[in-house]
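**Q** Take this structure first; my questions come after.
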Amino acid sequence: MEEEDEVEEVAADIDEPEEIEEVTPVEEKALAPPKYEVRPGLGEKFQAANVRDIILSTMQEQLMGRQYRSDQAPRWAKIIANGIRQRVQELDMKRYKIVVQSTIIEMKGAGVKCGQRCIWDPETDDYVDEQYRNDTLFCHSTVYGLYMY
């Protein structure tokens with residue numbers, strides 16, 4: 001019988017009315033749909049014409065009046081590639097990864113054949129290449145613009 005008394009006491013506590021605070025409804029604002037860009041917007045694509053001008057001017061600034069020197073050619077190629085990359089990044093093409101390759105070889109009358117292969121999206125990705133030559137050297141630079149999804 002003692003157990004029944006305890007149950008009744010607990011039940012009596014539950015039946016007592018409690019004070020309930022009124023909650024004011026919060027207005028729900030409509031959230032904007034998530035934005036994820038898969039393609040560059042109009043006018044945000046790789047600027048091939050501007051990049052071509054940068055390549056030509058950088059190579060001319062660095063190589064004008066120089067004669068080929070095998071000990072200096074690797075350093076010149078690095079300076080040219082870094083200069084091109086910095087100037088292309090200043091164009092502020094959003095979400096583009098810029099890759100620059102520059103090669104300097106001696107002009108001795110021999111030919112050079114090069115090839116490249118890339119897997120990319122032809123609608124967003126692009127490349128520009130230019131060359132500079134004088135009596136003793138030949139420089140070829142390529143800039144790849146890869147859109148990062």
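The values are calculated or read from the model by the stated rules, or taken from the named source; none is laboratory data. What you see is a predicted model; the values in this text were computed from it and never measured. As a convention, Cβ positions derive from the backbone with ideal geometry for all residues, glycine included, and neighbour counts pool all protein chains shown.
**Q** Pick out the one residue from TYR149, TYR127 that is within 16 Å of the chain's Cα centre (by Cα), part of a loop (DSSP other than H, G, I, E, B) and of a type in the set (Phe, Trp, Tyr).
**A** None of the other options fit; the residue is TYR149.
**Q** Report, by residue number, each residue of the range 69-86 that is basic (Lys, Arg) and within 15 Å of the chain's Cα centre (by Cα).
**A** ARG85
**Q** Let me ask something else. I need a count of the residues in the range 26-64 that are in contact (Cβ under 8 Å) with a residue 24 or more places away in the chain, out of contact with any Lys or Arg (no Cβ under 8 Å at 6 or more places or on another chain), outside any loop (DSSP other than H, G, I, E, B) and hydrophobic (A, V, I, L, M, F, W, C).
**A** 6
**Q** Something else now. Can you tell me which residue is farthest from ALA73 (Cα to Cα) among those in the range 119-140 that are among the aliphatic types (A, V, I, L, M) and out of contact with any Ser or Thr (no Cβ under 8 Å at 6 or more places or on another chain)?
**A** Checking each candidate, the answer is ILE119.
**Q** Can you find even one residue in the range 96-114 that is among the basic types (Lys, Arg) and in contact with a Pro (Cβ under 9 Å, 6 or more places away or on another chain)?
**A** So far as the range 96-114 goes, no, none of its residues is among the basic types (Lys, Arg) and in contact with a Pro (Cβ under 9 Å, 6 or more places away or on another chain).
**Q** Among (1) outside any helix (DSSP H, G or I); (2) of a type in the set (D, E, K, R); (3) more than 30 Å from PRO40 (Cα to Cα), there is one condition ARG75 misses while meeting the rest; what is its number?
**A** ARG75 satisfies every listed condition except (1).
**Q** Would you confirm, using the coordinates I've provided, whether GLU37 is more than 36 Å from the chain's Cα centre (by Cα) and at pLDDT below 95?
**A** Answer is no for this residue.
**Q** Taking the residues in the range 70-98 that are touching a residue at least 24 places away in the same chain (Cβ under 8 Å) and among the β-branched types (Val, Ile, Thr) as candidates, determine which candidate is surrounded by the fewest Cβ atoms within 10 Å (Cβ to Cβ).
**A** ILE98
**Q** Just to be sure I understand, how many residues within the range 99-124 are of a type in the set (A, V, I, L, M, F, W, C) and either in a strand (DSSP E or B) or under 20 Å from the mean Cα position of the chain (by Cα) (or both)?
**A** Going through the range 99-124, the residues of a type in the set (A, V, I, L, M, F, W, C) turn out to be 99-100, 104-105, 107, 110, 112, 114, 118-120.
Then drop every residue that is not either in a strand (DSSP E or B) or under 20 Å from the mean Cα position of the chain (by Cα) (or both), which leaves 99-100, 104-105, 118-120.
Going through the range 99-124 one residue at a time, the tally reaches 7.
**Q** Another question, if that's okay. Can you find even one residue in the range 78-89 that is part of a loop (DSSP other than H, G, I, E, B) and at pLDDT 95 or above?
**A** No - not one qualifying residue is present in the range 78-89.
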